[in-house]
Structure formats: C-alpha cells, structure tokens
1. Separation of segment 176-216 and segment 109-124 by C-alpha centroid, Å?
2. Stretch R202-A45 to full length: gain in nm at 0.36 nm per residue minus the Cα-Cα span?
3. If you count, for each residue, the other Cβ atoms within 10 Å and average over each peptide, how do 33-46, 123-136 line up from highest to lowest?
4. Work out how much length D172 to D69 would gain on full extension: take 0.36 nm times their residue separation and subtract the Cα-Cα distance, in nm to one decimal.
5. Only counting other Cβ atoms within 10 Å, I'd like L209, L78 sorted with the fewest neighbours first.
6. Could you run the Karplus curve 6.51 cos²θ - 1.76 cosθ + 1.60 with θ = phi - 60° over segment 200-214 and give me ³J(HN,Hα) per residue in whole Hz, x for Gly and Pro?
7. Quick one, what does Rg over Rh come out to for segment 155-216 if you take C-alpha atoms and the Kirkwood Rh?
8. Let me know the shape class of segment 92-211, please: from the alpha-carbon gyration tensor, a ≥ b ≥ c as square roots of the eigenvalues, rounded when a/c is under 1.5, otherwise prolate if a/b is greater than b/c, or oblate.
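Just so you know, all these numbers are worked out from the coordinates, no wet-lab data involved. Model, not experiment: these values are computed from the prediction. A quick note on method: Cβ atoms are made from the backbone with ideal geometry, for glycine too, and the neighbour counts reach across all protein chains shown.
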Amino acid sequence: MTHNHADVVDGSTPVRRGPGRPRHADTEERAYRAVLELFGQRGWAGLSLDGVATHAGIGKSSIYLRWKDKRDLLLDALRDLEAHYVTPEETEGMTLREYLVAHAEARANLYLGEYGPAVSHLHSAALANPEEFHEIRQESISRGVLSLHGRIERAISSGELPADTSAHHLLDAIEGAILIHVLVSSPKRTEDLKAGIHDYVRTLVDLQLKAVGAPD
C-alpha cells in the first residue's frame, strides 16, 4: 500500500489531515497496515490509536497529529485499500458479463487476501455501530456495490438485460454468494480457494445472468 494521498479522494471526498507532517515517509502506509490488521484481529471494540501506534512501531504523536480518532484512521485505510485492491484497473469497453466477473473476482480476492479479516469485520461492525460506521459503510461497503448497480441499470436500459430485471436482486445474489463461498461454506484452504476463485466467479455470474434471462 504505497499510495500517497492527495487532499481529495476521487475528486470530491476530502481526506482529513491534521497539522504537521509524518516523521517518516512511510507513516501512512504503516498506520494503514496496522489499523487493518488490528481491526481484523480484534474488531472495532479492540481498536485504538494507541494500539495502532504500538503495532506499527510509530510514535503516538505522529498518529494523533494526522487522525483525530480510530474511525478516521480506519476510513482512510479503507479508502486506500479500495483504491488499490477492490476496483479492477480497467473496465472500459467490457461487456456486462466481463464487468461483473472482474468486480466479483476483485471482491473475492479481497476477502481472501491479507486484509480479508478486516473487510469481513466491516459488515458486523457496521450493524453493531451504525453511527460510527455510517460514513465507512457508505464508502467501503456500498461504494463498489453502487458502481455495479449503475452498470446493471445501464444494461437494463440498453437491452443487455430484460427490462424487468431487479438490479438489487442480481447484486445480492452475486455478492452474497461470494461472501458465503469464501467465508462460510467452503472447507477448502485459502490457497485452494484462491486457485479456483476465477472459475467459481465465472460460473456464478453465468448462472445469475441466465436466471434473469440475459441474452447469450
């Protein structure tokens, strides 16, 4: 995670920054890694800025100068993670099937990756702490789903999908199946899941498109 944040994310979302500069050039990277690791291990209740500083080997002052609380730090770390690992690099010109496969595979690989425990904790933490996680939920849980929703709506308008297709139901079927397959139902080792995830996702998308009556 070697991304250098500007003051604006995606052209519109300001990133909170306190006064001063980090003591080390990799302060952000180390803090992001630490907060995601600790959140994945301990959940929201076990997360603190002091704990992040200790885990990352960063002075507490460097942490407190840049982030006012653990929510802000986690939000920035998730933005960075989203930018690097969730959105496929190139989706221009893709068919609907290719687009769904690319995004679904990226989501599956995120669950199976280094920060999978943190990402999986997001869902339960957002339900248990709705106020603290409102902004995090909108950006890190809903963002990828919303981009997929928009693509499906365009497919309905253009005739790629039948007019009576429910974008919500189609997305629920794909996103939910991936979550259950990766985190709950499969007895396979992570390495085996990773090796087979591309074929699984392709089959899943094909089945769902067939179910809604998408033309071949």
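1. 17 Å
2. Here the segment from R202 to A45 would lengthen by 52.8 nm.
3. Output ranking for 33-46, 123-136: 33-46, 123-136.
4. Length gained between D172 and D69: 33.8 nm.
5. Least crowded to most crowded, the residues run L209, L78.
6. With the stated coefficients, segment 200-214 comes to 4, 5, 4, 5, 4, 5, 4, 5, 6, 5, 5, 5, 8, x, 5 Hz.
7. Checking Rg against Rh, the ratio lands at 1.07.
8. It is oblate, given that a/c is not under 1.5 and a/b is not larger than b/c.
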